[in-house]
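The values are calculated or read from the model by the stated rules, or taken from the named source; none is laboratory data. Quick caveat, the model's predicted, so the values are computed rather than measured. Neighbour counts run over all protein chains shown; Cβ positions are idealised from the backbone, glycine included. What goes into the accessible areas is simple: the full protein's heavy atoms, side chains included, and nothing from ligands, DNA or RNA. Shrake-Rupley method; radii C 1.70, N 1.55, O 1.52, S 1.80 Å.
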Amino acid sequence: MSAEIIDGRKVAELIRNSVREDVEQWVEKGNRPPFLQVILVGDDPASIVYTGTKSKACKEVGIDSNTMVLQDTISAIELKQIIQDFNQDDSVDGILVQTPLPSHLSKYDVIETIDYRKDVDGFHPMNVGRLSLDQPCFRSCTPAGVMELFKHYSIPVKSKHAVVVGASDIVGSPMAVMLSRENTTGKATTTICNKYTRDLTAHTINADILIVAAGQPHLIKPEMVKEGAVVIDVGINRIADETTEKGYKLVGDVDFEGVKKKASWITPVPGGVGPMTVAMLMKNTLLAAKKSLYPG
Ligand code: NAD
């Protein structure tokens, strides 16, 4: 058996195309294009790449964006004042603060400063809380992207046993909430594992749907996976590889070659969940501009 490959690049492109068409219609009706304000604190190389990818994606779908680059010495008070100014600015629809932040800044404190109606990352406690309550909200882009993949490929989730490996604020926890709530795409029986889980295999082996977001290269081996499982690999890890020009390659948290022989569906890394995250951000920014979630 060899798993069907879930093509995140293709699905993300479909989503971006649909956002582009919606943006065009929105502008044709006399509205200004949606606007995403990105804030980058410091010069973390990965964050520079991520913010660059986001601004390129905005351009492709007709969303205007700006990246404000701030010194990593900025104080919490100064940063929060800048965010508050963007909160007040009616020409700004979405605000995104790229993480990680320098250690003197609390990400919770900073994110809580963003107006939840502009929190297109879905990290503000209001959006996290509403997600838990199964209420309309901005949903964290990576897990929302995974749910879109299930929808696109008509992979059933309802009543399945879903196991999420990883319990972070931005991926694992909201993923488990989306899977377990009794909304249109959830309704799964969900187990969530973290680094303190004693016997990981005892859980993963029972998963009909296994979602891995641990940041541990090749953590999941074939013997940990049930025959016929759907395996979603969220992990993106750089490992040294002298045969490549850059000297490294990207691998997921799943031993793709081994696990694909047992799974029914599997996402590759790269080209699986990654492109979905940015596509969902575009979708959220359009929702923010239209005030679809929070009309008031
Ligand atoms: P994180 O470090 O914040 O959280 C990792 C989680 O995994 C923690 O809850 C930890 O307890 C758990 N964990 C670690 N080792 C484990 C183990 N051996 N068994 C069980 N649980 C374990 O990471 P994150 O931000 O959630 O990201 C996870 C991975 O997903 C990273 O590789 C990251 O690069 C990737 N990521 C990808 C996307 C995307 O768009 N595809 C987006 C965000 C993160």
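Based on protein heavy atoms only, the chain ends up with 49 Å² per residue of surface accessible to a 1.4 Å probe. Between 0 and 90 degrees, the angle of helix 141-152 with respect to the longest Cα principal axis of the chain falls at about 60 degrees.
Residue pairs exceeding 25 angstrom between C-alpha atoms, taken from K10/K56; K56/K262; K56/K283; K158/K226; K56/K291: K56/K262. List the GluC sites (Glu not before Pro) within the stretch 205-296 that DSSP assigns to loop and that have no more than 13 neighbouring Cβ atoms inside 10 Å. The qualifying sites are E227, E242, E245.
What is the stretch 202-296 by shape, rounded, prolate or oblate, if you read a ≥ b ≥ c off the alpha carbon gyration tensor as root eigenvalues and call it rounded for a/c under 1.5, prolate for a/b larger than b/c, and oblate otherwise?
Working: a/c = 3.01, a/b = 1.45, b/c = 2.07.
It is oblate, given that a/c is not under 1.5 and a/b is not larger than b/c.
Is the stretch 29-182 best put as rounded, prolate or oblate by its Cα gyration tensor, with a ≥ b ≥ c the root eigenvalues, rounded for a/c under 1.5, and otherwise prolate when a/b is larger than b/c, oblate when not? List each step's numbers first, then the result.
Numbers: a/c = 1.79, a/b = 1.47, b/c = 1.22.
Judged from the Cα gyration tensor, the stretch 29-182 comes out prolate (a/c at least 1.5, a/b above b/c).
Of all DSSP beta bridges located in the chain, what percent are antiparallel, nearest 5? If I count the DSSP bridges inside the chain, around 10 percent turn out antiparallel. Note on the stretch 250-296: dipole from Cβ charges, positive end direction compared against G272, G296, G252; the farthest Cα belongs to G296. Per q in 0.07, 0.12, 0.14 Å⁻¹, report the Debye log10 I(q)/I(0) for the chain, using one uniform scatterer on each alpha carbon and no solvent. At q = 0.07, 0.12, 0.14 Å⁻¹ the computed log10 ratios are -0.27, -0.80, -1.08. When both bridge partners sit in the stretch 104-238, DSSP labels roughly 0% of those beta bridges antiparallel. Put +1 on the Cβ of every Lys and Arg and -1 on every Asp and Glu Cβ in the stretch 1-158; which of I74, Q98, C58 then has its Cα farthest towards the positive end of the dipole? Checked the options; the winner is C58.
Taking Cα atoms only, the orientation of helix 8-28 departs from the longest principal axis of the chain by about 20 degrees.
What is the stretch 1-89's relative contact order, in percent, from Cα pairs under 8 angstrom and six or more apart in sequence? Provide the component values of the computation, followed by the final result.
Details: 67 pairs, mean separation 26.4, N = 89.
Reported as a whole number, the value is 30 percent.
Helix 274-290 axis versus longest C-alpha principal axis of the chain: approximately 40°, rounded to the nearest ten.
Kindly identify the stretch 83-137 as rounded, prolate or oblate by the Cα gyration tensor criterion: order the square roots of the eigenvalues as a ≥ b ≥ c, call it rounded if a/c is under 1.5, otherwise compare a/b with b/c, prolate if a/b is larger, else oblate. Because a/c hits 1.5 or more and a/b fails to exceed b/c, the stretch 83-137 counts as oblate. Count Lys and Arg as plus one, Asp and Glu as minus one, and take only other residues whose Cβ is under 13 Å from that of N87; the net charge is then -4. How high is the FRET efficiency between N66 and T243 when r is their beta carbon distance and R₀ equals 41 Å, given to the nearest 0.05? With R0 = 41 Å, the Cβ-Cβ based efficiency is 0.60. Computed from the C-alpha gyration tensor, the three semi-axes of the ellipsoid equivalent to the stretch 29-88 are 24, 17, 5 Å, from longest to shortest. Here r is the Cβ-Cβ distance between E112 and E4 and R0 is 51 Å; the resulting FRET efficiency, rounded to 0.05, is 0.80.
From Cα pairs below 8 angstrom and at least 6 apart in sequence, can you work out the relative contact order of the stretch 236-278, rounded to a whole percent? Present the calculation step by step, with values, prior to reporting the outcome.
Details: 35 pairs, mean separation 13.6, N = 43.
Answer for the stretch 236-278 is 32 percent.
Shown are R130, R117, whose ranking by accessible area with a 1.4 Å probe and every protein chain present, most to least, is R117, R130. One chain, two ends: N31 and S47. Fully extended at 0.36 nm per residue, the span grows by 2.6 nm beyond their Cα-Cα distance.
Quick one: with all protein chains in place, what share of the accessible area of the chain is carbon or sulfur, to the nearest percent (1.4 Å probe)?
Values: 7430 of 14450 Å².
Roughly 51 percent of what the probe reaches on the chain is carbon or sulfur.
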